[in-house]
Amino acid sequence: MNAEALHQEMVAAMKAKDKTRLSIIRQVMAEVKNVEVNERRDATEEDVNQQIRRLIKQTTETLEMSIKAANNQERTDTLAEQVKILEGLLPAQVSGEQLVQLIEATIAELGATTKKDMGRVMGALTKATGGNFDKPAAAKEVGARLA
């Protein structure tokens, strides 16, 4: 998702009067704006996705603590909804058969043959997908294909 699409999501949330969605999208936009200001450049699509992933991680951690505390169910529900909204903003993860094909192509391209090459293969997968793939499944598949 790029910054313009994120802005359109915010406008749609405003029109729908969806306060939870609007709140979390504004948080993402603030993080993206920080990147633009601190690095003195326009945010790329990867920057936006990276900030969304960062917020997913932070919100998930807060959600887990809220579940453990079990003292404010409304807050817990809001956090769970925010995580779901953030995950919906990211592009679909590469998984299943598509991931297997990508792994096969990457192994062939790199000429990887041993377990020592696993780091290179995973790095190439990350670069090819922008980190948007099922890492545990990929690691298992790559490990099974390398001797």
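Values for this structure:
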{"item": "Hits in region 112-121 (condition: open to solvent by 60 Å² or more (accessible area, probe 1.4 Å) and in a loop (DSSP other than H, G, I, E, B))", "result": "113"}
{"item": "Residue match in region 80-94 (condition: open to solvent by less than 50 Å² (accessible area, probe 1.4 Å) and modelled with pLDDT under 90)", "result": "yes"}
{"item": "Candidates 124, 138, 144, filtered to the one that is open to solvent by 60 Å² or more (accessible area, probe 1.4 Å) and either assigned to a helix (DSSP H, G or I) or of a type in the set (Lys, Arg) (or both)", "result": "144"}
{"item": "Boolean, residue 77 is on the phi < 0 side of the Ramachandran plot, open to solvent by 80 Å² or more (accessible area, probe 1.4 Å) and either basic (Lys, Arg) or not in a loop (DSSP other than H, G, I, E, B) (or both)", "result": "yes"}
{"item": "Residues located in region 100-138, provided they are within 18 Å of residue 53 (Cβ to Cβ) and of a type in the set (A, V, I, L, M)", "result": "122, 125, 128, 137, 138"}
{"item": "Failed condition for residue 109, given (1) in a helix (DSSP H, G or I); (2) open to solvent by 80 Å² or more (accessible area, probe 1.4 Å); (3) within 27 Å of residue 28 (Cβ to Cβ)", "result": "(3)"}
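The values are calculated or read from the model by the stated rules, or taken from the named source; none is laboratory data. Here the structure is a predicted model, which means the values were calculated and not measured. As a convention, Cβ positions derive from the backbone with ideal geometry for all residues, glycine included, and neighbour counts pool all protein chains shown. All accessible areas refer to the heavy atoms of the entire protein, side chains included, with ligands and DNA or RNA removed. Shrake-Rupley method; radii C 1.70, N 1.55, O 1.52, S 1.80 Å.
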